[in-house]
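The values are calculated or read from the model by the stated rules, or taken from the named source; none is laboratory data. None of the values given here were measured: they were computed from a predicted structure. Cβ: placed from backbone, ideal geometry, glycine included. Neighbour counts: every protein chain shown.
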Amino acid sequence: MTDDEILHGFATRAIHAGQEFDPTTGAVTPPVYMTSTFVQRSIGDLRGGYEYARGGNPTRDALQTQLASLEGGRTGLSFASGLAAEDALLRAILKPGDRVLMGNDVYGGTHRLVRRIFGPWGVELTTIELGDLAATREALESLRPRVLWLETPSNPLMKITDITALAEIAHAVGAIVVVDNTFATPYLQQPLVLGADVVVHSTTKYLGGHSDVLGGAIVTNDDELAEQVRFHQFAAGAVLGPMDAWLTTRGIKTLAVRMRQHSENAQAIAEALDGHAAVSRVYYPGLPHHPGHDLAVRQMRGFGGMLSLDLAGGAAAARRFAESLRVFQLAESLGGVESLVNYPSEMTHASVRGTELEVSDAIVRLSVGIEDVDDLLADVHRGLAALA
Ligand SMILES: *Cc1c(COP(=O)(O)O)cnc(C)c1O
């Protein structure tokens, strides 16, 4: 039996895939290989294929195996950050004159990367509302993009888009379908199984899970594309260091339990905020009135830990709410065990102000952690009380 057949369950694979104990000592946790190079038996006779750490390091390989297993992909490749992973992927598949079609709610840094780094090299970017399948089909047929890029749930409005339907219409025009799975994680949603060609992650968020390490990854079942990205990883060199790879691996081992608790806590907070007089709208796919709720039920196995709210009192109320919380700390980023509050229009989404991705200044985003839910609920009530 192969490892995959033995280690079939998600949580089991998260803990064991790529994590063989150390054969010389029996250490149950594979060591961190803090080395830049590897001694050869004779010229070109490598031990385990390892030569120089930009090309490969056992700690990074262990993480890559773990990532591939969780996403149901054959190849995982890790990078120094989510954007480094995206950059390597796009450089591997785009050439001047190519077009990228992207959801109008993707991560701002992804939009900035394509617009400001790839734009001057002749890559054309178009954004679109991916919830409108007819308009998306039309855009795909007229633009013939090389890449369709989507993110679901999206940031900060938690829009849910239909991966299966979009993959089908994009494949009909020969586009490569990339899904940024950072918000959902493979525990909640597996885009490759739903028809996507490539999954991208900022492992900085839920996969690492402890706000202590940056990283990014791509996972795919397309062997040719994997080889092209692997060549970029090696030849351009934005690799993840061994200590960062090890921290990420350690975080991933608890992904299943964390995601269940993130989802449970976020659901409770969404329900507590929903209908409150000071809140005009709560964006959380676990609420039945969320426009993507039914699709999320079909496509995901939980609704995740991210939610946003629109404050009835506008920008002033949003700022005051965000600055009144005490358990939720005011910081960018998301996906850690600790709860964070973010004011997108001035923080995470400042880079997309003035573009079609601009976010309302009445919106506050919460990354709901896995603290005791009663403490989190008391905290959001403290924030609401500050508005009275
Ligand atoms: C943070 C983030 C990224 C970028 O990842 P970095 O690790 O910060 O480079 C990409 N996509 C999404 C959805 C993110 O939240």
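Here are the numbers for the structure shown:
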{"item": "Thr182 touching a residue at least 40 places away in the same chain (Cβ under 8 Å), surrounded by 22 or more Cβ atoms within 10 Å (Cβ to Cβ), within 16 Å of the ligand (Cβ to nearest atom) and not in a helix (DSSP H, G or I)", "result": "yes"}
{"item": "Cβ-Cβ under 8 Å pairs, at least 6 apart or on other chains, segment 199-215 side within 11 Å of the ligand (Cβ to nearest atom), far side modelled with pLDDT under 95", "result": "Ser202/Tyr107"}
{"item": "So Val173, is it part of a loop (DSSP other than H, G, I, E, B), touching a Pro at 6+ places or on another chain (Cβ under 9 Å), more than 13 Å from the ligand (Cβ to nearest atom) and more than 21 Å from Ser81 (Cβ to Cβ)", "result": "yes"}
{"item": "Selected residue [closer than 22 Å to Arg144 by Cα, hydrophobic (A, V, I, L, M, F, W, C) and more than 10 Å from the ligand (Cβ to nearest atom)] from Leu225, Leu188, Leu240", "result": "Leu225"}
{"item": "Residue list for segment 117-143, restricted to those being farther than 25 Å from Lys159 by Cα and within 15 Å of the ligand (Cβ to nearest atom)", "result": "Ile117"}
{"item": "Scan of segment 273-311 for residues that are of a type in the set (Asp, Glu) and within 21 Å of the chain's Cα centre (by Cα), ordered by number", "result": "none"}
{"item": "Meets criteria (assigned to a helix (DSSP H, G or I) and either under 30 Å from Pro242 (Cα atoms) or touching a residue at least 40 places away in the same chain (Cβ under 8 Å) (or both)) for Leu67", "result": "yes"}
{"item": "Only listed residue being touching a Gly at 6+ places or on another chain (Cβ under 9 Å), of a type in the set (A, V, I, L, M) and within 16 Å of the ligand (Cβ to nearest atom), chosen from Ala270, Ala245", "result": "Ala245"}
{"item": "Criterion violated by Gly109 - all others in (1) within 21 Å of the chain's Cα centre (by Cα); (2) more than 12 Å from the ligand (Cβ to nearest atom); (3) more than 22 Å from Leu255 (Cα to Cα) satisfied", "result": "(2)"}
{"item": "Filtered residues of segment 316-353 (kept if free of Cβ contacts under 8 Å to residues at least 60 places away in the same chain, away from the ligand (no atom under 16 Å from the Cβ) and surrounded by fewer than 22 Cβ atoms within 10 Å (Cβ to Cβ))", "result": "Ala316, Arg319, Glu323, Leu325, Arg326, Val327, Gln329, Leu330, Ser345, Glu346, Arg353"}
{"item": "Helices (runs of 4 or more DSSP H) within segment 230-303 that include 3 or more residues crowded, with 23+ Cβ neighbours inside 10 Å and in contact (Cβ under 8 Å) with a residue 24 or more places away in the chain", "result": "242-252, 255-273"}
{"item": "Which numbered condition Gly103 misses (of (1) within 14 Å of the ligand (Cβ to nearest atom); (2) modelled with pLDDT under 95; (3) more than 24 Å from Ala238 (Cβ to Cβ))", "result": "(2)"}
{"item": "Count of segment 316-354 residues which are among the aliphatic types (A, V, I, L, M) and part of a loop (DSSP other than H, G, I, E, B)", "result": "6"}
{"item": "Exclusive hit being of a type in the set (Asp, Glu) and crowded, with 19+ Cβ neighbours inside 10 Å, set Glu20, Glu51, Glu71", "result": "Glu71"}
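Listed here are the residues, each with its yes/no results for (1) modelled with pLDDT of 95 or more; (2) farther than 30 Å from Tyr343 by Cβ; (3) basic (Lys, Arg).
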site	(1), (2), (3)
Leu157	no, no, no
Leu166	yes, yes, no
Val177	yes, yes, no
Phe183	yes, no, no
Val198	yes, yes, no
Gly215	yes, no, no
